[in-house]
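The values are calculated or read from the model by the stated rules, or taken from the named source; none is laboratory data. Only a predicted model underlies this, so the values are computations on that prediction, with no experimental measurement involved. Methodologically, a virtual Cβ is constructed for each residue, glycine included, from the backbone with ideal geometry; neighbour enumeration extends over all protein chains shown. To get the accessible areas, we keep the full protein, side chains included, count just its heavy atoms, and leave off ligands, DNA and RNA. Shrake-Rupley method; radii C 1.70, N 1.55, O 1.52, S 1.80 Å.
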Amino acid sequence: MNNNITVLEIDGKAILHNLNYFKQKLQENTKILAVVKSFAYGSSSVQVAKFLEDKVDYFAVAYANEGIELREAGIKTPILVLHPQIPNLQSIIDYRLEPNLYNFKIFNAFLKLADQVPLMNYPIHIKFNTGLNRLGFWHTDIPKIITSLKATTHVKLQSLFSHLAASEDLEEQDFTVNQINNFAYIAQQFYKYLDDEPMLHILNTSGVINYPKAQFNMVRIGIGLYGFGNDKHETNQLKNTHNLKSIISQIHIIQPGETVGYNRAFTAKRPTLSATIPIGHADGISRRLGNKKGFVLINNQKAPIIGNVCMDMIMVDVTKIKCTEGDEVIIFNTQEMVQHIAKTSETIVYEVLTGISNRVKKVLKS
Ligand SMILES: *Cc1c(COP(=O)(O)O)cnc(C)c1O
């Protein structure tokens with residue numbers, strides 16, 4: 001492998017371990033939808049989806065173009081597009097992606113298109129808002145939706161779903177249980193008045209962990225596949241999947257009083273060895289990690305970031321580390337390191353992972 005560049009290694013075995021960990025929490029018939037939106041949480045949706053295609057029932061992406069990329073890579077698994085937009089509905093059909101229809105505007109636009117083509121029993125998904133207040137129909141829309149669906153053979157209601165607002169937060173248990181109950185009630189109306197029996201799903205990763213009884217027919221797992229549960233115990237059962245590595249480009253000897261980097265933010269108090277690493281804020285390293293808040297590992301030792309994070313580089317203190325130009329640098333390769341970065345950057349692990357830019361080479365090792 002070319003290790004002369006900054007690379008994100010995606011650990012296929014770890015993803016598989018995580019998938020199996022969630023599988024053993026599921027009932028036998030519960031289907032698994034793997035969420036691979038946003039480059040499979042900052043990695044590579046194509047590589048991850050190819051790796052998982054014979055192991056899961058569904059994929060989900062946020063936008064149509066993400067689904068098109070998977071189809072163009074030869075992925076045949078059903079793909080739910082969580083946030084399709086009216087201008088993209090034709091390409092959704094062209095690539096046999098399955099739209100989430102979340103209000104009458106997009107629902108009617110799709111039905112109209114389905115009628116024009118015409119499509120036959122094209123799989124669609126309908127989302128209900130049960131409290132997140134982001135996307136979804138309201139329960140009072142049910143009769144109108146059912147009337148429209150009864151009047152067409154162009155589409156087939158493949159699933160009904162909703163999304164939890166605070167599944168990771170046990171202090172919000174009452175709210176979440178209420179969301180789940182409202183969803184069950186909505187589903188009942190559809191089962192009562194439609195001949196089809198659409199699949200039902202509401203749980204994301206922390207939903208599976210905290211509300212296992214609400215599995216319905218399928219669960220949508222994102223962050224869990226990539227190594228994070230909603231608490232320490234769960235995360236310990238999972239394996240780290242994203243390993244971000246680079247190398248030392250150059251080492252400088254900094255004399256006392258000299259400074260390092262933009263704005264001269266670091267001043268050497270004693271003779272200091274500074275190593276320059278080819279990864280910066282444009283690659284997903286937050287500027288908040290500068291000035292010794294963040295560190296990397298070189299030959300198993302912590303090297304703090306000194307001065308400000310640049311767009312394309314960071315400088316780290318290697319005064320006490322035996323190393324040379326070309327040596328490997330670990331930006332992160334454990335859940336603890338990702339969590340530390342999230343904490344120091346004042347964000348959550350989702351943002352650390354999805355923030356790894358596409359300038360970084362992504363390689364899945366299975
Ligand atoms: C992103 C997303 C998920 C996955 O959530 P995780 O917490 O990463 O498991 C599931 N469902 C919807 C609608 C989403 O947008």
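If you check LEU89 against the conditions, is it modelled with pLDDT of 95 or more and out of contact with any Gly (no Cβ under 8 Å at 6 or more places or on another chain)? Don't jump to the end; show me each part of the working.
Details: modelled with pLDDT of 95 or more: yes; out of contact with any Gly (no Cβ under 8 Å at 6 or more places or on another chain): yes.
For LEU89, the condition - modelled with pLDDT of 95 or more and out of contact with any Gly (no Cβ under 8 Å at 6 or more places or on another chain) - is met.
In the stretch 87-96, is there at least one residue being more than 15 Å from the ligand (Cβ to nearest atom), under 24 Å from TYR211 (Cβ atoms) and not acidic (Asp, Glu)? Steps first, answer last, please.
Of all residues in the stretch 87-96, those more than 15 Å from the ligand (Cβ to nearest atom) come to 87-96.
Adding the requirement that they be under 24 Å from TYR211 (Cβ atoms) leaves none.
Scanning the stretch 87-96 turns up no residue that is more than 15 Å from the ligand (Cβ to nearest atom), under 24 Å from TYR211 (Cβ atoms) and not acidic (Asp, Glu).
With the condition being assigned by TED's automatic domain parsing to the domain that holds LYS322, I'd like the strands (runs of 3 or more DSSP E) fully within the stretch 211-295 carrying at least 1 qualifying residues.
Ranges flagged: 242-247, 250-254, 272-277.
Which number in (1) of a type outside the set (Val, Ile, Thr); (2) open to solvent by less than 50 Å² (accessible area, probe 1.4 Å); (3) under 14 Å from the mean Cα position of the chain (by Cα) marks the one condition that ASN100 misses?
Of (1) of a type outside the set (Val, Ile, Thr); (2) open to solvent by less than 50 Å² (accessible area, probe 1.4 Å); (3) under 14 Å from the mean Cα position of the chain (by Cα), only one is false for ASN100: (3).
Of the residues that sit in the stretch 248-283 and are open to solvent by less than 20 Å² (accessible area, probe 1.4 Å) and among the hydrophobic types (A, V, I, L, M, F, W, C), which one is farthest from LYS320 (Cα to Cα)?
We begin by selecting, within the stretch 248-283, every residue open to solvent by less than 20 Å² (accessible area, probe 1.4 Å); these are 248, 254, 260, 268, 272, 274-277, 279-280, 283.
Imposing the further condition that a residue be among the hydrophobic types (A, V, I, L, M, F, W, C) reduces the set to 248, 254, 260, 268, 275, 277, 279.
Working: ILE248: 15, ILE254: 13, VAL260: 17, ALA268: 14, ALA275: 12, ILE277: 17, ILE279: 22 Å.
That would be ILE279.
Could you tell me which of the residues TYR262, TYR226 is within 13 Å of the ligand (Cβ to nearest atom) and modelled with pLDDT of 95 or more? Working first, answer last.
Values: TYR262 fails: within 13 Å of the ligand (Cβ to nearest atom).
Within the list TYR262, TYR226, the selection yields TYR226.
Out of the stretch 314-328, which residues are loosely packed, with under 13 Cβ neighbours inside 10 Å and either charged (D, E, K, R) or part of a strand (DSSP E or B) (or both)?
LYS320, LYS322, GLU325 - these are the residues of the stretch 314-328 that are loosely packed, with under 13 Cβ neighbours inside 10 Å and either charged (D, E, K, R) or part of a strand (DSSP E or B) (or both).
Of the conditions (1) crowded, with 19+ Cβ neighbours inside 10 Å; (2) farther than 24 Å from LYS31 by Cα; (3) not aromatic (Phe, Trp, Tyr), LEU170 clears all except one; give me its number.
(1)
Being hydrophobic (A, V, I, L, M, F, W, C), surrounded by fewer than 18 Cβ atoms within 10 Å (Cβ to Cβ), within 16 Å of the ligand (Cβ to nearest atom) and in the same structural domain as PRO212 (by TED's automatic domain parsing) narrows it down to one residue among ALA62, ALA40, ALA34, ALA73; which is it?
On the way: ALA40 fails: surrounded by fewer than 18 Cβ atoms within 10 Å (Cβ to Cβ); ALA34 fails: surrounded by fewer than 18 Cβ atoms within 10 Å (Cβ to Cβ); ALA73 fails: within 16 Å of the ligand (Cβ to nearest atom).
Unique residue meeting the criteria: ALA62.
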